Amino acid sequence: MTHSAAPEAIPVILDVDTGVDDALAILFALAHPGINVLGISCVAGNASLERVVENTLRILDVADAPTIPVAAGARRPLLEPARSAAHVHGESGLGTLQLAPSDRQAESISSIELMRRLIQASPHPVTLVALAPQTNLALLLRQYPDVVNNIERIVFMGGSTTVGNATAVAEFNVWHDPEAAAIVLDSGVPTFMYGLDVFNQVSIPERVAVALAHGDSPLGHVVGRLLNNRIALGSGRNSDYTGLIGDAGALCALVDPDALETAMLPLRVQLSGYGRGQTLVDKRTHPGEDVVHGLVGDWEAAEVALDVDVDRYVRLFLDTLGLGSALPPSK
Ligand code: RIB
Ligand code: CA
């Protein structure tokens with residue numbers, strides 16, 4: 001698979017915690033001509049920082065990608081300890097998928113420095129795509145606030161207007177580092193939330209994932225294994241990683257936003273209590289008592305994805321990877 005971004009492609013920096021679905025997102029971003037991946041910043045989250053960096057380098061090998069700078073950032077959140085997600089992504093971070101070690105080397109600079117250099121050198125404003133806990137982005141914004149002058153917007157996979165996954169109400173990336181998410185929201189950079197409302201919908205049918213995993217395409221084998229990843233939990237039960245394209249959906253949103261229903265909504269991150277890490281999204285159409293009586297300050301507004309044309313993103317994802325023939329002919 002060659003990485004051939006079109007001249008008008010969107011300049012993008014990915015921040016990842018590769019991870020089963022981060023891997024799918026990286027493969028999609030590299031394959032889509034409308035996306036120009038300038039670099040990849042790594043953070044601890046689904047796995048340790050070292051695993052995330054190695055997994056990312058190995059996925060670049062799978063994509064036969066050109067040299068794309070990859071750098072390591074934070075190895076834990078701003079306040080919270082690092083907490084493993086091995087129960088979802090396995091100890092390796094790539095579930096049961098085994099990939100050969102990569103000969104690629106990560107940059108010697110931190111990912112915060114890498115992002116700063118890439119943003120300041122870009123002739124066009126850069127889109128930051130955060131697919132992980134937002135610790136690196138928060139550190140970038142605190143250390144180099146002027147970078148906002150050449151950032152088009154921040155697209156983040158995270159949050160939810162309804163149910164959580166890490167807790168009853170909080171999504172993993174925001175829950176892992178709530179302060180970082182609050183700092184990013186407060187940055188003044190236009191922000192787009194690709195949360196669980198849509199993340200939890202875009203799933204490849206298991207029969208398609210199984211067919212890819214056992215098909216002739218080496219890329220299809222990797223994608224099929226990632227989509228259909230099953231991890232034995234300590235209890236011996238398998239946790240189905242249900243075929244969700246996960247983080248890759250946030251990249252689909254870059255190139256096909258019309259498949260989403262979105263709204264500009266007031267949004268803040270809850271930083272205390274059981275709801276810590278919850279994204280509070282105000283969907284009311286009229287101010288309530290909290291506003292009328294001046295009980296709350298201003299909330300930042302973000303563009304929030306509320307619904308998605310699932311079939312459209314399933315086909316976009318597979319077609320972009322050259323795997324669309326695995327789908328039944330569209331009706
Ligand atoms: O809640 C899902 C998010 O947490 C995804 O980005 C997944 O990779 C994990 O980082
Ligand atoms: Ca992720």
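Does any residue of the stretch 43-50 turn out to be modelled with pLDDT of 95 or more, among the hydroxyl-bearing types (Ser, Thr, Tyr) and within 16 Å of ligand 1 (Cβ to nearest atom)?
yes
Could you say which residue among 127, 161 is under 18 Å from residue 194 (Cβ atoms), within 16 Å of ligand 1 (Cβ to nearest atom), touching a residue at least 40 places away in the same chain (Cβ under 8 Å) and of a type in the set (Ser, Thr, Tyr)?
161
Among all residue pairs at least 6 apart or on different chains, which show Cβ distances below 6 Å where the first residue, located in the stretch 266-286, is in contact (Cβ under 8 Å) with a residue 24 or more places away in the chain and hydroxyl-bearing (Ser, Thr, Tyr) and the second is surrounded by 20 or more Cβ atoms within 10 Å (Cβ to Cβ) and assigned to a loop (DSSP other than H, G, I, E, B)?
279/159
Matching residues to (1) within 14 Å of ligand 1 (Cβ to nearest atom); (2) part of a strand (DSSP E or B); (3) surrounded by 24 or more Cβ atoms within 10 Å (Cβ to Cβ):
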{"position": "18", "(1), (2), (3)": "yes, no, yes"}
{"position": "39", "(1), (2), (3)": "no, yes, no"}
{"position": "67", "(1), (2), (3)": "no, no, no"}
{"position": "98", "(1), (2), (3)": "no, no, no"}
{"position": "108", "(1), (2), (3)": "no, no, no"}
{"position": "114", "(1), (2), (3)": "no, no, yes"}
{"position": "117", "(1), (2), (3)": "no, no, no"}
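Please pick out the residue among 163, 169, 148 that is over 16 Å from the mean Cα position of the chain (by Cα), of a type in the set (A, V, I, L, M, F, W, C), at pLDDT below 95 and open to solvent by 20 Å² or more (accessible area, probe 1.4 Å). Write out each step before concluding.
Values: 169 fails: at pLDDT below 95; 148 fails: at pLDDT below 95.
Result of the check over 163, 169, 148: 163.
May I ask you to list the residues in the stretch 164-192 that are in a loop (DSSP other than H, G, I, E, B) and within 16 Å of ligand 1 (Cβ to nearest atom)?
Once the filter is applied, which keeps residues that are in a loop (DSSP other than H, G, I, E, B) and within 16 Å of ligand 1 (Cβ to nearest atom), the stretch 164-192 yields 164, 165, 166, 167, 168, 169, 170, 171, 177.
Here's the yes/no breakdown for (1) part of a helix (DSSP H, G or I); (2) at pLDDT 95 or above; (3) not hydroxyl-bearing (Ser, Thr, Tyr):
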| position | (1), (2), (3) |
| --- | --- |
| 274 | no, yes, no |
| 285 | no, no, no |
| 298 | no, no, yes |
| 303 | no, yes, yes |
| 314 | yes, yes, yes |
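Can we say residue 258 is away from ligand 2 (no atom under 16 Å from the Cβ), modelled with pLDDT under 95 and not in a loop (DSSP other than H, G, I, E, B)? Please lay out each step first, then the result.
Working: away from ligand 2 (no atom under 16 Å from the Cβ): yes; modelled with pLDDT under 95: no; not in a loop (DSSP other than H, G, I, E, B): yes.
No; evaluated as a whole, the condition is false for this residue.
The values are calculated or read from the model by the stated rules, or taken from the named source; none is laboratory data. All values derive from a computational prediction rather than experimental measurement. For neighbour counting, all protein chains shown are included, and Cβ atoms are generated from backbone atoms with ideal geometry for every residue, glycine included. All accessible areas refer to the heavy atoms of the entire protein, side chains included, with ligands and DNA or RNA removed. Shrake-Rupley method; radii C 1.70, N 1.55, O 1.52, S 1.80 Å.
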